Amino acid sequence: MKTRLINFLKQYWLLLVIIMAKFILQYVLVNPYYELHRDEFLHLDQANHPAFGFISVPPLTSIISKLIFLFGGGEFWVRFFPALTGALTIIVCWLMVERLGGKILSKLLVSLALLFSVFLRINMLFQPNSVDILVWSLLFYSLIGYFQNPSGKWLYYLALIITIGFYNKYNVIFLLIAVGAGLLLTRSRKIFTGRFFIKALLLTLLLIIPNIIWQIVNDFPLLNHMRVLSSEQLVNNSAGGFLKSQITIFLGSFPLVITGLLALFIFKQFRPFRFFAISFIIIMAIFALLKAKNYYALGIFPVIIVFASIFLERVLKPLWKTIVFSALIMFNLLVTVTVIRFLMPCMSPEMIVTNSSYFEKFGMLRWEDGKNHPLPQDFSDMTGWKEMADKALEAYRLIPENELENTLVFCHNYGQAGALNYFNKGKMKEAYSLNTDYIYWIPEKADIKNVVLVGDNVDDDIAKMFGSFKQTGIIENKYARENGTGIYLLTGASPAFSDFFYKEIERRKKEHDIF
């Protein structure tokens with residue numbers, strides 16, 4: 001046992017150092033000023049409502065949320081799991097290089113390319129994106145294993161990996177389309193005629209059936225989510241903008257990306273894996289046509305960088321190998337150091353405002369509404385939540401204890417509801433919203449007498465249904481996306497309000513007006 005451990009450390013000590021650096025960077029590059037992101041609050045809340053699917057994401061994220069709460073649910077653990085996923089991605093790519101016969105230089109080049117990259121930002125947030133990238137890398141690893149040694153086990157691994165990807169983020173469907181087309185357009189299409197392919201395909205379908213049934217029962221919320229995403233968020237994007245962003249988003253390793261694509265087409269030893277390059281082109285075309293967000297295709301880059309590093313290691317002479325590899329590592333590190341303040345929330349809001357011209361130059365202040373704001377949207381979405389939760393709790397405590405049973409805590413969006421439930425768990429009743437998943441979590445019809453409201457001011461017609469209506473607070477954090485959001489207390493509701501509220505729930509569900 002001791003000998004095995006010593007041998008393991010000798011072989012992988014450098015990888016372990018890189019993994020330790022990954023975890024350290026994911027924590028130290030987040031300024032203590034910032035809180036969790038609005039999306040993270042929703043994902044954490046999904047742990048309290050287990051299901052085979054959610055309006056916003058498939059169910060895997062809720063399972064990870066359960067694990068986070070088992071460890072205490074603090075911000076440390078919320079940030080730990082995406083960091084862990086990013087570390088696992090580096091490990092998979094290291095093993096990918098190893099499987100393809102790469103030596104220590106190519107392993108180091110790939111690992112550092114992933115360590116000092118946009119993945120620092122992706123692995124900062126507890127969202128499905130980190131797992132999505134890991135799944136893509138695992139899928140590529142399994143395909144490499146299959147074409148090196150065609151065996152049913154690799155296809156069964158693929159079935160499990162695709163299932164995990166499907167339960168994490170439906171983005172994997174576009175990858176399967178691209179990879180499937182890449183395989184069909186090359187000699188690697190033989191994978192489809194193997195005797196184990198049909199079995200693996202059936203296994204995949206069997207494993208994802210629960211979520212498909214959930215989609216059918218719930219009238220395919222995925223399609224409605226995509227419709228709203230396209231009309232409200234992606235409308236300000238363009239195909240050209242997406243393609244241009246792919247250069248800047250992986251700028252530090254872009255020379256490796258170009259090298260990897262060329263190598264896959266021209267290097268004879270890579271002929272069995274040429275479909276990776278074709279898949280890269282197809283996935284870029286798909287997302288460009290869909291005017292997708294710039295990070296949707298990030299999972300395709302690691303495998304291309306893997307092939308680039310091995311190609312350079314094999315074709316360069318020793319002296320040139322040292323020079324080129326050192327130059328590539330230094331270039332990537334220089335780019336990362338230059339853009340890290342734009343990539344990560346390591347600067348305080350005041351410092352960002354002071355240097356706003358630099359952020360504007362990189363388009364970091366442009367939000368989904370197409371306008372510029374004081375902070376990058378993701379950073380602004382990480383402020384003001386604790387203040388909101390505290391002020392909502394103050395309003396809640398104004399209600400007599402004997403009336404709390406008939407009190408509704410209601411928010412206008414999922415971020416508000418999630419933040420209240422995260423910070424005020426055990427201190428007040430669960431908060432709900434008519435937004436995304438929350439509309440399905442609202443308890444069955446009850447006699448509502450009081451409402452703690454977080455959001456916009458209420459209409460006069462609704463206010464008339466209450467005996468008393470007052471504003472108890474307002475979000476004053478000028479950097480928060482929720483700046484100016486009001487906290488209201490409505491008491492003494494007439495029976496008409498409960499009827500109105502539950503009818504509105506049914507109307508929104510029927511019309512899919514929940515996004």
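The values are calculated or read from the model by the stated rules, or taken from the named source; none is laboratory data. On a predicted model such as this, the values are computed, not experimentally measured, just so you know. So basically every Cβ, Gly included, is an ideal-geometry build from the backbone, and we count neighbours across all protein chains shown. Heads up: the accessible areas ignore ligands, DNA and RNA and are worked out on the full protein's heavy atoms, side chains in. Shrake-Rupley method; radii C 1.70, N 1.55, O 1.52, S 1.80 Å.
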Check: Among TYR502, TYR33, what's the order by accessible area (1.4 angstrom probe), most exposed first?
Finding: TYR33, TYR502
Item checked: Fraction of accessible area attributable to carbon and sulfur, region 290-397 (%, probe 1.4 Å) -> 63
Item checked: Per residue accessible area in Å² of the chain, where ligands, DNA and RNA are left out and the probe is 1.4 Å -> 46
Next item on the list: Enter the accessible area of LYS391 (Å², nearest 10), with the probe set to 1.4 Å and all protein chains included.
Entry: 40
Note to self: So I have [x] 45, 26, 21; [y] 36, 29, 23; [z] 36, 25, 25, and one of them is semi-axes √(5λ) of the Cα gyration tensor in Å calculated from this model. Which one is it?
What the structure shows: [x]
Check: Dipole of the chain, Cα-centred, from +1 at each Lys and Arg C-beta and -1 at each Asp and Glu C-beta, to the nearest 20 debye?
Finding: 3340
Margin query: Tell me which GluC sites (Glu not before Pro) from region 377-456 have a DSSP coil assignment and no more than 11 other beta carbons within 10 Å of their own.
Written below: GLU444
Notebook entry, point to check: For region 399-504, what is the relative contact order in percent, using Cα pairs closer than 8 Å and at least 6 residues apart in sequence?
Noted result: 26
Check: Which far-off residues, 5 or more places away or on another chain, put their amide H under 5 Å from the one on THR472, with H placed in the peptide plane?
Finding: ILE487, TYR488, LEU489
Notebook entry, point to check: Which order do ARG481, ARG121, ARG508 take when ranked by solvent-accessible area (1.4 Å probe, heavy atoms of all protein chains), largest first?
Noted result: ARG481, ARG508, ARG121
Check: How high is the relative contact order of the chain, given as a whole-number percent (alpha carbon pairs under 8 Å, six or more residues apart)?
Finding: 17
Check: Got a sec? What order do LEU25, LEU114 fall in by accessible area at 1.4 Å, biggest, i.e. largest, first?
Finding: LEU25, LEU114
Note to self: Quick check on my link table: of LYS10/LYS268; LYS103/LYS153; LYS66/LYS244, which ones sit more than 31 Å apart, alpha carbon to alpha carbon?
What the structure shows: LYS10/LYS268; LYS66/LYS244
Checklist line | Relative contact order of region 1-129, defined on C-alpha pairs under 8 angstrom at six or more residues apart (%) | finding: 33
Check: When DSSP assigns beta bridges and you keep just the ones with both residues in the chain, what percent turn out antiparallel, to the nearest 5?
Finding: 60
Notebook entry, point to check: Just the accessible area for LYS244, please: 1.4 Å probe, Å², rounded to the nearest 10?
Noted result: 140
